[in-house]
Amino acid sequence: MILKSTLVGALFIWFSFGSSSISEVRRGFFKVCEKDKKIADWIVELQKIEDSNYLILAYKSAAFTMYAEKASGVSNKLKYFNKGRKALDKIISKYPSDIEPRFLRLTIQMNAPFFLGYSGEIKEDKQVVIRGLLSAEKNKKEPFLVTKIVDYLKSTSLCTAEETEFLNKL
């Protein structure tokens, strides 16, 4: 009985820490996007997280692509961008219906310089994200994330009038 309660307690602590960790990572991403945090500082925070959850890895991948803007020299910029892009694309290939890595890729594609040619999945990612928002809202999953995704999509010219109307209802 003691072993069972100890195991349950350990799992509770592990799950609590894990969800807290991803929440902090999400908030860090949006702080960097809103220029409230420096990308280099966020990367330092991410490196301290040893969690190998695919969502954490997706944010780490996004951070590499974002850091490319600050890196010195063209070869370093390309190195960081390509490392992050490849890792994020790999995660999406394993979890194609998860809206969070898709959203990260969508934001990166929308902000990547045209000459990098990293814009081929914008429409598909947008559709997956919008479809996924409905189930995320119904299940009340991570309201902070849902709100931030909706706000981002509404701030772009990506959405049709019908899609914008749908987003306004969330």
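Residues with amide H under 5 Å of D98's amide H, sequence separation 5 or more or different chain, H placed in the peptide plane at 1.01 Å from N; which?
Here the answer is none, since no amide H 5 or more places off falls under 5 Å of that of D98.
Identify which of Q127, Q47, Q109 has the largest mean-square fluctuation in a Gaussian network model of the chain, with springs joining Cα atoms closer than 10 Å.
Looking only at Q127, Q47, Q109, the biggest GNM fluctuation is shown by Q47.
When only C-alpha pairs under 8 Å and at least 6 residues apart count, what is the relative contact order of the chain, in percent?
Relative contact order here is 14 percent.
How do 63-72, 93-102 rank on mean C-beta neighbours within 10 Å, highest first?
So the peptides 63-72, 93-102, ranked by packing, come out 63-72, 93-102.
Determine the shape class of region 39-120: with a ≥ b ≥ c the square roots of the Cα gyration tensor eigenvalues, call it rounded for a/c under 1.5, and otherwise prolate if a/b is greater than b/c, oblate otherwise.
Oblate.
Using the Karplus curve 6.51 cos²θ - 1.76 cosθ + 1.60 with θ = phi - 60°, what ³J(HN,Hα) values do you get for each residue of region 65-79, in whole Hz, with x for Gly and Pro?
With the stated coefficients, region 65-79 comes to 5, 5, 5, 3, 4, 8, 5, 8, x, 4, 5, 5, 4, 5, 4 Hz.
Whole-Hz ³J(HN,Hα) for each residue in region 154-170, computed from phi via Karplus 6.51 cos²θ - 1.76 cosθ + 1.60 with θ = phi - 60°, x for glycine and proline: what do you get?
5, 7, 9, 9, 6, 8, 6, 4, 5, 5, 5, 4, 4, 5, 5, 7, 6
Can you give me the orientation-averaged projected area of the convex hull built on the Cα atoms of the chain, in nm²?
11.5
Do you know the relative contact order of region 90-170, to the nearest whole percent, from alpha carbon pairs under 8 angstrom that are 6+ apart?
This gives 24 percent for region 90-170.
Of all the accessible heavy-atom surface of the chain, with the other protein chains kept in place and a 1.4 Å probe, what percent is carbon and sulfur?
The computed percentage sits at 59.
Counting heavy atoms of the protein chains only and a 1.4 Å probe, report the per residue accessible area for the chain as a whole number of Å².
62
Using a Gaussian network model on the chain with a 10 Å cutoff between Cα atoms, which of G132, G84, G120 fluctuates the most?
Of the options given, G120 has the highest mean-square fluctuation.
On full extension of the chain, what length is gained from K90 through E124, given 0.36 nm per residue of separation minus the C-alpha to C-alpha distance? If you can, show how the numbers build up before the last one.
Working: separation 34, 0.36 × 34 = 12.24 nm, distance 1.59 nm.
Length gained, K90 through E124: 10.7 nm.
The values are calculated or read from the model by the stated rules, or taken from the named source; none is laboratory data. Owing to the predicted nature of the structure, the values given are computational and were not obtained by experimental measurement. Please note: Cβ atoms are built from the backbone with ideal geometry, for glycine as well, and neighbour counts cover all protein chains shown. Areas reflect the complete protein model, heavy atoms only, side chains present, ligands, DNA and RNA absent. Shrake-Rupley method; radii C 1.70, N 1.55, O 1.52, S 1.80 Å.
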